[in-house]
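What follows is a set of notes on a single structure, which appears directly below.
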Amino acid sequence: MLIHFAWSPPSGRVKAAYRVDVLEYQAKGDRYICRLVELASVERSGSGDEVNDEQLRGLLGKCVRVPGEGLNGMVLPLKMATLDGTLSRPYFFDPP
């Protein structure tokens with residue numbers, strides 16, 4: 001199963017698809033806990049050079065809460081802070 005994320009730095013847009021393992025369904029909120037297991041593809045429009053492949057691979061092994069529509073091909077837009085860990089409430093987390 002693939003999940004698609006997108007970041008929009010000033011220099012362009014970066015879209016990454018990750019192959020995931022679905023670990024759990026949470027009915028409250030209609031969301032899934034997924035573990036990112038493989039970076040399947042990266043697409044860039046513009047240079048998007050604020051986002052590098054090392055940052056994208058750095059998310060591998062992490063878990064994320066994904067809304068139900070995220071498993072149906074919807075591209076989930078994310079803040080740049082999800083890549084550097086500066087969010088006060090982390091979006092990606094280590095598996096339980």
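Among LEU39, LEU60, which is within 11 Å of the chain's Cα centre (by Cα) and either crowded, with 17+ Cβ neighbours inside 10 Å or not in a strand (DSSP E or B) (or both)? Steps first, please.
Numbers: LEU39 fails: either crowded, with 17+ Cβ neighbours inside 10 Å or not in a strand (DSSP E or B) (or both).
Only one candidate passes the filter, namely LEU60.
Can you pull out every residue in segment 65-93 that is of a type outside the set (Ser, Thr, Tyr), free of Cβ contacts under 8 Å to residues at least 60 places away in the same chain and touching a strand residue (DSSP E or B) at 6+ places or on another chain (Cβ under 7 Å)?
Let us first name the residues in segment 65-93 that are of a type outside the set (Ser, Thr, Tyr), namely 65-81, 83-85, 87, 89-90, 92-93.
Right, trim to free of Cβ contacts under 8 Å to residues at least 60 places away in the same chain and you get 65, 67-69, 72, 81, 84-85, 87, 89-90, 92-93.
Passing the criteria: ARG65, PRO67, GLY68, PHE92, PHE93.
Being within 14 Å of the chain's Cα centre (by Cα), in a loop (DSSP other than H, G, I, E, B) and of a type in the set (Lys, Arg), is that true of even one residue in segment 78-85? Reasoning before the result, please.
Pass one, segment 78-85, residues within 14 Å of the chain's Cα centre (by Cα): 78-85.
From what is left, the residues that are in a loop (DSSP other than H, G, I, E, B) are 78-80, 85.
Checking which are of a type in the set (Lys, Arg) leaves us with 79.
For segment 78-85, residues within 14 Å of the chain's Cα centre (by Cα), in a loop (DSSP other than H, G, I, E, B) and of a type in the set (Lys, Arg): present.
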Among (1) exposed (fewer than 13 other Cβ atoms within 10 Å of the Cβ); (2) in contact with a helix residue (DSSP H, G or I) (Cβ under 8 Å, 6 or more places away or on another chain), LEU83 falls short only on (1)
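Within segment 17-35, is there a residue that is closer than 16 Å to ALA81 by Cα and outside any strand (DSSP E or B)?
Within segment 17-35, the first condition is being closer than 16 Å to ALA81 by Cα, and the residues that meet it are none.
No - not one qualifying residue is present in segment 17-35.
All of the numbers you see were taken from the coordinates with simple rules; none came from a lab. Please read all numbers here as calculations on a predicted model, not as lab measurements. Cβ: placed from backbone, ideal geometry, glycine included. Neighbour counts: every protein chain shown.
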